[in-house]
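Colleague: Dumping the structure here so I can ask a few things about it.
Derivation of every value follows stated rules applied to the coordinates shown; laboratory data play no part. All values derive from a computational prediction rather than experimental measurement. Note: ideal-geometry Cβ built from the backbone for every residue, glycine included; neighbour counts use all protein chains shown.
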């Protein structure tokens with residue numbers, strides 16, 4: 001059942017989930033061994049794949065991989081939105097917004113993969129689970145989009161302080177305000193209310209947006225991500 | 001002339017900041033969030049010798065209190081602008097009025113929050129400058145014409161987003177303050193998106209396109225077409241077209257660039 005040599009070897013899976021599964025099957029690793037194996041991971045900056053779990057890594061790279069994971073989730077979501085019946089029958093304004101958001105999130109995702117890969121190891125493609133979303137339903141799509149955009153804003157807001165390298169903070173800043181622009185637009189078309197873009201659900205009495213820790217964010221995102229994510233190496 | 005006034009005000013701040021540095025800055029920072037006011041009591045010689053004429057605009061990196069006072073000045077500008085807009089007879093009605101009222105509420109809250117945060121660092125918050133929202137007559141109808149008002153609002157919000165972004169790295173020494181600044185930053189971005197969309201623009205900035213209709217606001221969008229981040233040309237690593245790539249990133253503005261823009265509206 002177990003292959004002890006796996007404990008000390010880092011396996012970076014390729015981007016094809018099916019071949020990853022094939023590899024995992026071949027390696028004979030089962031879910032039961034997951035916890036045990038993860039405790040054997042070395043503590044360094046690189047993300048690690050152990051059986052079907054993804055370790056974000058530690059330090060700034062871990063934080064960037066965390067952002068990369070969220071961008072993957074958003075990009076995968078909007079890619080499916082554009083294939084659904086709701087999008088096909090949406091208003092011109094809604095189509096423009098969703099088309100733009102798909103492009104922006106894909107641009108973010110591709111950028112993170114390239115930028116992280118140039119200095120360390122980027123996490124592989126995550127497997128997502130959108131079975132709870134009805135891509136033919138306007139309500140389902142926009143509610144989910146709103147959740148993801150607000151979540152993204154809160155994630156970047158909470159992650160800024162975890163970064164050590166100022167250049168990384170600047171990039172996170174460049175992206176988070178676009179996520180906030182998205183969130184406002186999606187909220188606006190979703191509810192039609194003139195105050196939905198920044199109402200008290202997301203802005204408190206001090207005029208501050210939501211900030212969440214990686215643990216809080218990943219807990220909420222986990223409903224949509226099949227691949228287990230180990231964020232234990234992230235800075236606190 | 002206007003800018004000179006602004007700089008003079010910041011010089012006074014720099015003086016105060018030097019005293020602040022001379023005391024127990026680290027200790028004062030640790031009290032942030034507990035609203036404990038700190039009073040400068042000890043003077044250390046080293047920082048006292050620093051030239052007090054150092055203005056915000058001339059320093060490449062500002063202290064945390066300087067950043068917060070800089071942000072406070074922008075929030076004063078926005079808060080007064082929206083308050084005056086809501087007070088102006090017949091200017092705003094219906095949904096637009098509701099939107100502006102919420103934004104106004106946030107900007108006033110930011111003023112109070114920043115004043116309190118600066119006080120918790122043992123520093124004095126800067127007082128509000130006097131504003132001229134017509135920018136010397138460029139926006140003569142700003143409180144009579146809703147379209148002009150919203151165009152100026154867009155310029156302020158898009159500037160605010162870029163201004164906070166440009167200061168983030170100066171706040172890295174204090175996680176609580178950095179987080180709070182980011183939480184304000186994203187609210188400004190929500191405002192910008194909504195105001196832009198009310199005006200018929202996209203909520204995000206394509207290239208460096210100035211959609212305010214006012215050439216005076218060109219500086220607000222200068223540099224927004226940048227596609228290189230962390231040394232990576234973001235257009236070369238994706239199949240997404242260049243316009244969309246530029247939309248996907250907002251760019252920071254330098255302190256000087258923000259002061260140049262804000263200076264247009266300061267008496």
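Colleague: Can you figure out the FRET efficiency of residue A:167 with residue B:241, using R₀ = 30 Å and their beta-carbon distance, to the nearest 0.05? Provide the component values of the computation, followed by the final result.
Modeller: Values: r = 26 Å, r/R0 = 0.85.
With R0 = 30 Å, the Cβ-Cβ based efficiency is 0.70.
Colleague: Could you tell me what % of all Cα pairs in the range A:57-229 have separations over 25 Å?
Modeller: Summing the P(r) of the range A:57-229 above 25 Å gives 30 percent of all pairs.
Colleague: Then there's this: Relative to the present Cα-Cα distance, how much length would full extension add between residue A:83 and residue A:119 at 0.36 nm per residue of separation? Write out the running numbers ahead of the final one.
Modeller: Working: separation 36, 0.36 × 36 = 12.96 nm, distance 3.46 nm.
Working it through step by step, the gained length comes to 9.5 nm.
Colleague: If you line up the Cα atoms of the range B:117-260 on their principal axes, what length do they span on each, largest first, in Å?
Modeller: 48, 43, 24
Colleague: A further question on this structure: Roughly how many whole Å is it from the C-alpha centroid of the range B:73-128 to that of the range A:98-156?
Modeller: Measuring centre to centre over Cα atoms gives 33 Å.
Colleague: Moving to a separate point now. Order of A:82, B:121, B:264 from fewest to most other C-beta atoms within 10 Å?
Modeller: A:82, B:264, B:121
Colleague: With 16 Å as the cut-off, how large is the P(r) tail for the range A:137-236, expressed as percent of Cα-Cα pairs? Let's see the in-between values first.
Modeller: On the way: 3015 of 4950 pairs.
When all Cα pairs of the range A:137-236 are counted, 61 percent exceed 16 Å.
Colleague: I need A:93, B:112, B:80 ordered by Cβ neighbour count within 10 Å, fewest first. If you can, show how the numbers build up before the last one.
Modeller: Working: A:93 12, B:112 15, B:80 20.
Lowest count first: A:93, B:112, B:80.
Colleague: Counting other C-beta atoms within 10 Å, which of B:165, B:202 has the fewest, and how do the rest follow?
Modeller: Values: B:165 25, B:202 17.
With the sparsest Cβ surroundings first, the list reads B:202, B:165.
Colleague: Residue B:132 versus residue A:93, label points 7 Å from Cα toward the beta carbon: distance in nm?
Modeller: Those two pseudo-labels are separated by 3.7 nm.
Colleague: How big, on average over all directions, is the shadow cast by the Cα convex hull of the range A:55-135, in nm²? Present the calculation step by step, with values, prior to reporting the outcome.
Modeller: Numbers: hull surface 22.6 nm².
Directional mean of the projected Cα hull area for the range A:55-135 stands at 5.7 nm².
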